[in-house]
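Take a look at the structure below.
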Amino acid sequence: MCMKQRVVEAINHQQTEYTPWHFDLTTSFKDRLKREIDVDDVELFLGNHLLRAKYKQNEKLGGKNERDFFGVTWLNVDDGGDVGVVTGFPLMEKSLDEYVFPEIRVEFAKKLCEELESDISGKFRMFSLTMCYYERAWSLRGIENILMDMCLDEKGTKALFAKILEHNLELLDNVLDYDYEGVYFGDDWGQQQGLIMGPDLWRKYIGPGVAKMYEKVKSKGKFVIQHSCGDNRAIIPDLVDMGMDVYNTIQPEIYDLKQLKNEYGRHLTLYGGISTQHFLPEATVDECKEMAKYMLDVVGHDGGFIFGPAHAITPDIPCENVLAMVDVVKNYKWF
(Lines give C-alpha, C1' and ligand atoms only; values in the text may rest on other atoms or scores of the structure.)
Protein backbone atom coordinates (compact mmCIF):
# COMPACT_ATOMS: atom_id res chain seq x y z
CA MET A 1 0.00 0.00 0.00
CA CYS A 2 1.42 3.41 -0.98
CA MET A 3 1.56 6.27 1.48
CA LYS A 4 -1.22 8.22 -0.25
CA GLN A 5 -3.62 5.29 -0.07
CA ARG A 6 -2.74 4.70 3.58
CA VAL A 7 -3.58 8.32 4.46
CA VAL A 8 -6.81 8.28 2.45
CA GLU A 9 -7.95 5.10 4.17
CA ALA A 10 -7.07 6.57 7.55
CA ILE A 11 -9.16 9.66 6.75
CA ASN A 12 -11.98 7.32 5.78
CA HIS A 13 -11.62 5.69 9.23
CA GLN A 14 -10.31 2.39 7.98
CA GLN A 15 -7.66 0.50 9.93
CA THR A 16 -4.50 0.21 7.85
CA GLU A 17 -1.66 -2.21 8.50
CA TYR A 18 0.55 0.70 9.55
CA THR A 19 -0.69 4.02 10.93
CA PRO A 20 0.41 6.84 8.59
CA TRP A 21 2.90 9.29 10.03
CA HIS A 22 4.49 12.62 9.33
CA PHE A 23 7.24 14.51 11.16
CA ASP A 24 7.42 18.21 10.36
CA LEU A 25 10.92 19.55 10.96
CA THR A 26 12.23 23.08 11.28
CA THR A 27 15.13 23.86 8.95
CA SER A 28 17.62 24.04 11.82
CA PHE A 29 16.57 20.65 13.20
CA LYS A 30 16.63 19.06 9.74
CA ASP A 31 20.18 20.30 9.16
CA ARG A 32 21.31 18.86 12.50
CA LEU A 33 19.59 15.54 11.85
CA LYS A 34 21.31 15.28 8.46
CA ARG A 35 24.67 15.66 10.16
CA GLU A 36 23.94 13.24 12.98
CA ILE A 37 22.63 10.37 10.87
CA ASP A 38 24.64 11.22 7.72
CA VAL A 39 21.79 11.17 5.19
CA ASP A 40 20.99 13.62 2.39
CA ASP A 41 17.25 12.96 2.04
CA VAL A 42 15.74 13.26 5.51
CA GLU A 43 12.17 13.01 4.18
CA LEU A 44 12.92 9.68 2.56
CA PHE A 45 14.67 8.41 5.68
CA LEU A 46 11.74 9.37 7.90
CA GLY A 47 9.18 7.89 5.52
CA ASN A 48 6.93 10.94 5.82
CA HIS A 49 3.49 10.44 4.28
CA LEU A 50 2.45 14.02 3.52
CA LEU A 51 3.64 16.52 0.91
CA ARG A 52 2.74 20.20 1.17
CA ALA A 53 3.18 22.80 -1.55
CA LYS A 54 3.12 26.15 0.26
CA TYR A 55 1.71 29.24 -1.39
CA LYS A 56 4.48 31.37 0.05
CA GLN A 57 7.28 33.20 -1.71
CA ASN A 58 8.58 36.04 0.44
CA GLU A 59 10.70 38.81 -1.03
CA LYS A 60 14.11 39.20 0.63
CA LEU A 61 14.68 42.76 1.85
CA GLY A 62 18.18 42.40 3.21
CA GLY A 63 19.51 40.98 6.42
CA LYS A 64 16.82 38.89 8.11
CA ASN A 65 13.93 40.93 6.75
CA GLU A 66 11.31 39.71 4.24
CA ARG A 67 8.03 40.90 2.73
CA ASP A 68 5.14 38.58 1.88
CA PHE A 69 2.55 38.79 -0.91
CA PHE A 70 0.36 41.12 1.16
CA GLY A 71 3.12 43.61 1.91
CA VAL A 72 3.54 42.40 5.48
CA THR A 73 7.17 42.61 6.61
CA TRP A 74 8.77 39.88 8.70
CA LEU A 75 11.93 39.46 10.74
CA ASN A 76 13.50 36.00 10.85
CA VAL A 77 14.53 35.55 14.46
CA ASP A 78 16.97 33.02 15.91
CA ASP A 79 14.41 31.05 17.91
CA GLY A 80 14.81 27.74 16.10
CA GLY A 81 11.54 28.10 14.19
CA ASP A 82 10.83 29.01 10.58
CA VAL A 83 7.96 31.49 10.91
CA GLY A 84 9.47 34.78 12.02
CA VAL A 85 7.93 37.87 13.61
CA VAL A 86 5.75 40.46 11.89
CA THR A 87 7.39 43.90 12.02
CA GLY A 88 5.27 45.86 9.53
CA PHE A 89 1.46 45.84 9.42
CA PRO A 90 0.13 47.50 6.22
CA LEU A 91 -3.24 48.42 7.76
CA MET A 92 -1.91 49.56 11.11
CA GLU A 93 -2.33 53.21 10.14
CA LYS A 94 -4.07 53.36 6.76
CA SER A 95 -7.70 52.48 6.03
CA LEU A 96 -8.92 49.47 4.06
CA ASP A 97 -9.89 51.82 1.19
CA GLU A 98 -6.27 52.97 0.92
CA TYR A 99 -4.85 49.44 0.77
CA VAL A 100 -4.56 47.56 -2.54
CA PHE A 101 -4.98 43.81 -2.14
CA PRO A 102 -2.39 41.74 -4.01
CA GLU A 103 -3.23 39.98 -7.24
CA ILE A 104 -3.18 36.20 -7.18
CA ARG A 105 0.25 34.90 -8.21
CA VAL A 106 -1.39 32.62 -10.74
CA GLU A 107 1.75 31.27 -12.38
CA PHE A 108 3.40 30.55 -9.05
CA ALA A 109 0.27 28.82 -7.73
CA LYS A 110 -0.02 26.72 -10.88
CA LYS A 111 3.65 25.81 -10.70
CA LEU A 112 3.09 24.47 -7.17
CA CYS A 113 0.15 22.40 -8.37
CA GLU A 114 2.10 21.03 -11.31
CA GLU A 115 4.84 19.97 -8.91
CA LEU A 116 2.25 18.16 -6.81
CA GLU A 117 0.89 16.43 -9.90
CA SER A 118 4.32 15.30 -11.03
CA ASP A 119 5.42 13.99 -7.64
CA ILE A 120 6.38 10.31 -7.82
CA SER A 121 6.98 9.67 -4.11
CA GLY A 122 3.47 8.28 -3.56
CA LYS A 123 2.73 10.76 -0.77
CA PHE A 124 -0.61 12.35 0.12
CA ARG A 125 -0.38 15.72 -1.65
CA MET A 126 -1.71 19.04 -0.33
CA PHE A 127 -1.88 22.60 -1.58
CA SER A 128 -1.07 24.72 1.47
CA LEU A 129 -2.48 28.15 2.31
CA THR A 130 -1.19 29.42 5.64
CA MET A 131 -1.79 32.74 7.46
CA CYS A 132 -4.97 32.31 5.52
CA TYR A 133 -7.80 34.18 7.24
CA TYR A 134 -7.76 35.41 10.86
CA GLU A 135 -3.96 35.36 10.84
CA ARG A 136 -3.97 37.29 7.58
CA ALA A 137 -6.30 39.88 9.15
CA TRP A 138 -4.06 40.42 12.16
CA SER A 139 -0.90 40.44 10.05
CA LEU A 140 -2.41 43.36 8.13
CA ARG A 141 -4.01 45.19 11.02
CA GLY A 142 -2.09 44.12 14.13
CA ILE A 143 -3.43 41.54 16.56
CA GLU A 144 -4.52 44.01 19.23
CA ASN A 145 -6.24 46.17 16.63
CA ILE A 146 -8.14 43.36 14.92
CA LEU A 147 -9.41 42.05 18.26
CA MET A 148 -10.55 45.54 19.25
CA ASP A 149 -12.10 45.99 15.80
CA MET A 150 -14.15 42.84 16.33
CA CYS A 151 -15.69 44.47 19.38
CA LEU A 152 -15.96 48.09 18.22
CA ASP A 153 -16.08 48.16 14.40
CA GLU A 154 -18.34 45.44 13.02
CA LYS A 155 -18.68 47.01 9.58
CA GLY A 156 -14.96 47.55 9.08
CA THR A 157 -14.04 44.12 10.42
CA LYS A 158 -16.51 42.34 8.17
CA ALA A 159 -15.24 44.34 5.19
CA LEU A 160 -11.64 43.27 5.87
CA PHE A 161 -12.55 39.60 6.23
CA ALA A 162 -14.68 39.82 3.07
CA LYS A 163 -11.69 41.08 1.08
CA ILE A 164 -9.42 38.34 2.43
CA LEU A 165 -12.07 35.73 1.65
CA GLU A 166 -12.50 37.06 -1.88
CA HIS A 167 -8.76 36.73 -2.40
CA ASN A 168 -8.63 33.18 -1.01
CA LEU A 169 -11.61 31.97 -3.04
CA GLU A 170 -10.05 33.35 -6.22
CA LEU A 171 -6.81 31.55 -5.39
CA LEU A 172 -8.71 28.29 -4.82
CA ASP A 173 -10.46 28.71 -8.17
CA ASN A 174 -7.03 28.67 -9.81
CA VAL A 175 -5.71 25.56 -8.08
CA LEU A 176 -8.53 23.13 -7.29
CA ASP A 177 -8.78 21.48 -10.69
CA TYR A 178 -5.29 20.00 -10.41
CA ASP A 179 -4.72 16.42 -9.33
CA TYR A 180 -3.82 16.27 -5.64
CA GLU A 181 -5.62 15.06 -2.53
CA GLY A 182 -6.29 17.96 -0.17
CA VAL A 183 -5.97 21.59 0.85
CA TYR A 184 -4.10 22.43 4.05
CA PHE A 185 -5.32 25.61 5.73
CA GLY A 186 -3.14 27.17 8.42
CA ASP A 187 -4.86 29.65 10.74
CA ASP A 188 -4.22 29.72 14.49
CA TRP A 189 -7.37 30.50 16.48
CA GLY A 190 -6.60 28.94 19.85
CA GLN A 191 -4.46 29.80 22.81
CA GLN A 192 -3.50 27.58 25.71
CA GLN A 193 -6.99 27.94 27.19
CA GLY A 194 -9.82 28.74 24.81
CA LEU A 195 -10.04 30.74 21.60
CA ILE A 196 -8.10 33.96 21.21
CA MET A 197 -11.24 35.89 20.22
CA GLY A 198 -13.78 33.61 21.92
CA PRO A 199 -16.37 31.41 20.17
CA ASP A 200 -18.98 34.13 19.64
CA LEU A 201 -16.65 36.44 17.71
CA TRP A 202 -15.18 33.46 15.85
CA ARG A 203 -18.66 32.48 14.68
CA LYS A 204 -19.49 36.07 13.77
CA TYR A 205 -16.41 36.99 11.76
CA ILE A 206 -14.35 33.89 10.97
CA GLY A 207 -16.57 30.82 10.79
CA PRO A 208 -18.70 31.93 7.82
CA GLY A 209 -15.64 32.52 5.63
CA VAL A 210 -14.01 29.28 6.72
CA ALA A 211 -17.20 27.45 5.75
CA LYS A 212 -17.11 28.97 2.26
CA MET A 213 -13.48 27.97 1.75
CA TYR A 214 -14.22 24.43 2.93
CA GLU A 215 -17.27 24.24 0.67
CA LYS A 216 -15.23 25.17 -2.38
CA VAL A 217 -12.56 22.57 -1.59
CA LYS A 218 -15.13 19.84 -0.92
CA SER A 219 -16.99 20.66 -4.16
CA LYS A 220 -13.90 19.48 -6.03
CA GLY A 221 -13.73 16.19 -4.11
CA LYS A 222 -10.67 17.13 -2.07
CA PHE A 223 -10.02 16.72 1.64
CA VAL A 224 -9.86 19.67 4.06
CA ILE A 225 -6.90 19.67 6.45
CA GLN A 226 -7.02 22.38 9.11
CA HIS A 227 -4.04 23.43 11.20
CA SER A 228 -4.88 25.55 14.21
CA CYS A 229 -2.73 25.65 17.31
CA GLY A 230 -4.29 25.96 20.72
CA ASP A 231 -7.58 25.13 22.40
CA ASN A 232 -10.32 24.94 19.77
CA ARG A 233 -12.73 22.72 21.72
CA ALA A 234 -15.56 25.26 21.56
CA ILE A 235 -15.69 25.21 17.75
CA ILE A 236 -14.75 21.64 16.84
CA PRO A 237 -18.45 20.79 16.28
CA ASP A 238 -18.69 23.80 13.92
CA LEU A 239 -15.67 22.61 11.97
CA VAL A 240 -17.03 19.07 11.73
CA ASP A 241 -20.32 20.42 10.38
CA MET A 242 -18.41 22.54 7.84
CA GLY A 243 -16.60 19.48 6.51
CA MET A 244 -13.15 19.51 8.09
CA ASP A 245 -11.56 16.09 7.49
CA VAL A 246 -8.22 16.34 9.30
CA TYR A 247 -7.50 18.37 12.45
CA ASN A 248 -3.97 19.34 13.39
CA THR A 249 -2.31 19.88 15.93
CA ILE A 250 -4.20 18.26 18.84
CA GLN A 251 -1.77 19.47 21.50
CA PRO A 252 -1.72 17.10 24.51
CA GLU A 253 -1.21 20.06 26.87
CA ILE A 254 -4.75 21.03 25.90
CA TYR A 255 -6.67 17.90 24.96
CA ASP A 256 -7.27 14.59 26.65
CA LEU A 257 -6.44 12.68 23.48
CA LYS A 258 -8.30 9.53 24.51
CA GLN A 259 -11.44 11.60 25.13
CA LEU A 260 -10.93 13.52 21.88
CA LYS A 261 -10.68 10.25 19.96
CA ASN A 262 -13.78 8.86 21.65
CA GLU A 263 -15.79 12.00 20.99
CA TYR A 264 -14.70 12.88 17.44
CA GLY A 265 -12.95 9.77 16.13
CA ARG A 266 -15.93 8.90 13.92
CA HIS A 267 -15.92 12.37 12.34
CA LEU A 268 -12.31 13.52 12.17
CA THR A 269 -8.83 12.33 11.46
CA LEU A 270 -6.53 13.60 14.21
CA TYR A 271 -3.03 14.61 13.14
CA GLY A 272 -0.16 15.26 15.55
CA GLY A 273 -0.42 14.78 19.29
CA ILE A 274 3.18 14.33 20.49
CA SER A 275 4.07 17.38 22.55
CA THR A 276 6.89 19.57 21.22
CA GLN A 277 6.23 22.04 24.02
CA HIS A 278 7.13 19.96 27.07
CA PHE A 279 7.49 16.25 26.33
CA LEU A 280 9.92 15.86 23.43
CA PRO A 281 12.59 18.31 24.65
CA GLU A 282 12.75 16.68 28.09
CA ALA A 283 11.86 12.98 27.61
CA THR A 284 14.22 10.04 27.52
CA VAL A 285 14.44 7.73 24.53
CA ASP A 286 12.50 5.02 26.38
CA GLU A 287 9.79 7.50 27.33
CA CYS A 288 9.49 8.54 23.67
CA LYS A 289 9.06 4.93 22.63
CA GLU A 290 6.37 4.36 25.25
CA MET A 291 4.56 7.56 24.27
CA ALA A 292 4.62 6.55 20.61
CA LYS A 293 3.11 3.15 21.43
CA TYR A 294 0.48 4.80 23.64
CA MET A 295 -0.55 7.21 20.89
CA LEU A 296 -0.78 4.44 18.32
CA ASP A 297 -2.86 2.28 20.68
CA VAL A 298 -5.19 5.00 21.92
CA VAL A 299 -5.58 7.33 18.93
CA GLY A 300 -4.57 5.06 16.05
CA HIS A 301 -7.18 2.34 16.45
CA ASP A 302 -9.92 2.22 13.78
CA GLY A 303 -8.00 4.63 11.57
CA GLY A 304 -8.54 8.35 11.76
CA PHE A 305 -5.01 9.20 12.89
CA ILE A 306 -1.83 10.60 11.35
CA PHE A 307 0.97 10.09 13.87
CA GLY A 308 3.34 12.97 14.43
CA PRO A 309 4.54 15.79 16.65
CA ALA A 310 2.12 18.53 17.61
CA HIS A 311 4.26 21.05 15.74
CA ALA A 312 7.46 21.20 13.71
CA ILE A 313 10.43 19.70 15.55
CA THR A 314 12.65 22.44 16.94
CA PRO A 315 16.40 22.26 17.68
CA ASP A 316 15.90 21.98 21.45
CA ILE A 317 14.60 18.43 20.86
CA PRO A 318 17.21 15.64 20.86
CA CYS A 319 17.55 13.82 17.55
CA GLU A 320 17.49 10.46 19.34
CA ASN A 321 13.99 11.19 20.66
CA VAL A 322 12.67 11.71 17.16
CA LEU A 323 14.49 8.66 15.83
CA ALA A 324 13.02 6.55 18.63
CA MET A 325 9.47 7.50 17.61
CA VAL A 326 10.23 6.92 13.95
CA ASP A 327 11.45 3.43 14.77
CA VAL A 328 8.26 2.63 16.71
CA VAL A 329 5.80 3.89 14.12
CA LYS A 330 7.64 2.20 11.25
CA ASN A 331 7.43 -1.16 12.99
CA TYR A 332 4.00 -0.96 14.66
CA LYS A 333 1.65 -3.24 12.71
CA TRP A 334 -2.06 -3.59 13.31
CA PHE A 335 -2.35 -6.84 11.36
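The values are calculated or read from the model by the stated rules, or taken from the named source; none is laboratory data. Every value quoted in this text rests on a predicted model; they were computed, and no experiment measured them. Cβ: placed from backbone, ideal geometry, glycine included. Neighbour counts: every protein chain shown. The protein model used for the area step is the full one, side chains on, heavy atoms only, and it has no ligands, DNA or RNA in it. Shrake-Rupley method; radii C 1.70, N 1.55, O 1.52, S 1.80 Å.
Against the chain, whose longest principal axis comes from its Cα atoms, helix 106-118 is set at around 10 degrees. Inverting the mean 1/r over all pairs of different Cα atoms, compute the Kirkwood radius of region 8-82 and quote it in Å. About 15.6 Å, per the Kirkwood formula over Cα pairs.
Just the number, please: carbon plus sulfur as a percent of the accessible area of the chain, 1.4 Å probe, no ligands or DNA/RNA counted.
Values: 7400 of 15130 Å².
Here carbon and sulfur together make up 49 percent of the probe-accessible area.
Computed from label points 7 Å out along Cα-Cβ, the spacing between Gln15 and Glu282 is 3.5 nm. Extension gain for the segment Ile143 to Leu61, taken as residue separation times 0.36 nm less the Cα-Cα distance, is 27.2 nm to one decimal.
Among the listed pairs Lys30/Lys289; Lys110/Lys330; Lys56/Lys220; Lys60/Lys222; Lys34/Lys64, those with a Cα-Cα distance over 28 Å are Lys110/Lys330; Lys60/Lys222.
Size check on the chain: the Cα extents along the three principal axes, sorted descending, read 59, 44, 40 Å. Inter-label distance, Glu263 to Asp153: 3.6 nm, where each label sits 7 Å from its Cα along the C-beta direction. Taking the longest Cα principal axis of the chain as reference, the axis of helix 207-219 is set at about 60 degrees. Remark: C-alpha extents of region 52-104 on the principal axes read 37, 26, 18 Å, sorted largest to smallest. Per residue, the chain exposes 45 Å² of accessible surface when a 1.4 Å probe is rolled over the protein heavy atoms with every protein chain present. Take the alpha-carbon centre of region 5-54, take the same for region 58-128, and report the distance between them in whole Å. For region 5-54 versus region 58-128, the Cα centre distance is 23 Å. Short-range pairs are left out: with C-alpha atoms under 8 Å and at least six residues apart, the relative contact order of the chain is 22 percent. Measuring between their Cα centroids, region 214-265 and region 269-335 lie 19 Å from each other. Relative to the dominant Cα principal axis of the chain, helix 285-298 is inclined by about 80°.
Using only the C-alpha atoms of region 52-174, find the volume of their convex hull and express it per residue in Å³.
It is 136 Å³ per residue.
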